[in-house]
Structures are given as C-alpha cells and as structure tokens.
1. Determine the relative contact order of region 116-158: mean sequence separation of Cα pairs under 8 Å and six or more apart, normalised by residue count, in whole percent.
2. Compute the distance in nm between two label points, each set 7 Å from the Cα along the Cα-to-Cβ direction, one at residue 126 and one at residue 143.
3. Can you tally the net charge around residue 146? Count Lys and Arg as +1, Asp and Glu as -1, for every other residue whose Cβ sits under 12 Å from the Cβ of residue 146.
4. Please give the length that would be gained between residue 152 and residue 53 if that part of the chain were fully extended, namely 0.36 nm times their separation in residues minus their C-alpha to C-alpha distance (nm, one decimal).
5. Treat every Asp and Glu Cβ in region 79-158 as -1 and every Lys and Arg Cβ as +1, leave all other atoms uncharged, and give the resulting dipole magnitude about the Cα centre to the nearest 20 debye.
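Read-outs throughout are calculated quantities, based only on the coordinates presented, and are distinct from any laboratory measurement. These numbers come from a predicted model, not from an experiment. Cβ: placed from backbone, ideal geometry, glycine included. Neighbour counts: every protein chain shown.
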Amino acid sequence: MELHDLLNTLTLEHATQWTNEREAVTWIEYTFLDPNDLPRSNRNIARIEDRFESLLRQNVESQIADKLIDDALFYGCFVSVNDGEEWTVRASQDKAEIRAAMASTDADLLRFRDADRQTVGDVMLIWGNHHDLISDCSDNEATRALLEGAEALAESLR
C-alpha cells in the first residue's frame, strides 16, 4: 500500500483512538506498513502527522458543530445553513439534513429562528479553525446563550 493511499483511508474513527501524533505514527507503522516496502523517514512521519492533525481538527470541529446544533434543536430553534453562496437548508429541525449541509465550503453561516420563525441570531463557522470554529455571532443574549454549550466544549477540547 502506498503511503498516499494509506493516509486517504484514515478516518475520524482512527484519530479518536490516539492521544498524540507519535501514537498515530506507531499505530500506522505496525498496522499498515511493511517495513520492507516503505522505509521509515522523517518525510513519511511528517505526512502521517499532518494527516493525523487534520483528522483531529475535523473531529474537534465536528463535536463543536454537533453540540451547537443539538442545543439549538433542544431549545426548539429552526436552523438555516448558508454555505457562502446560497441557503442550502432553510428553517430545518432535522439534524442530519443540517449537518449534511455544513462544511461543504470553508465557512457556513447558521441562522437560528424560534418557533414563531423570528430570527434569534446568526453564527459564523470557519472550518479549519480547529477550536475556534465559531468565528462570529449576533451580539444578543439569546445567541450567546445558545452558544454556551458549544463554546464550553471547544474550551474543554483544547
């Protein structure tokens, strides 16, 4: 198996098994790599570490986004998703639909509405910012309350 192919097969499930890059490298070496086929080198280790770091970032961002959507739905909000070009989801309470529409571009604008379809506030997510996924939000009490759980989770994952 080529290293490039191996790195593309790694998933978030793999990343959550490891606590640091060294553990990931060791696991990958002993699980997938035949020492005779792929000589150990700093370049290969760096590529594995980069992939691991990318998976960890995605895992952290996914947890934060899930918490934000879970809290919004718990409070009865309807969620719309704008990917920077169009509203891909409008006033939905279907978590799977909402999450499927998220992260298709580098940024998403989430609009939260209450049961009367009045705007509660907006939240800007910037994918690739790791723990700082939540980039900006409407400056009002309702939006800040909605973000409390996701922001606390983001801080705990640092």
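1. Values: 37 pairs, mean separation 14.5, N = 43.
The value is 34 percent.
2. Rounded to a tenth, the inter-label distance reads 1.6 nm.
3. On the way: positive: 67, 111, 113, 144; negative: 70, 71, 114, 122, 141, 148, 151.
Result for the neighbourhood of residue 146: -3.
4. On the way: separation 99, 0.36 × 99 = 35.64 nm, distance 2.16 nm.
Taking 0.36 nm per residue and subtracting the Cα distance, the gain is 33.5 nm.
5. On the way: 8 positive and 17 negative charges, 49 e Å.
With only Lys, Arg, Asp and Glu charged at Cβ, the dipole is about 240 debye.
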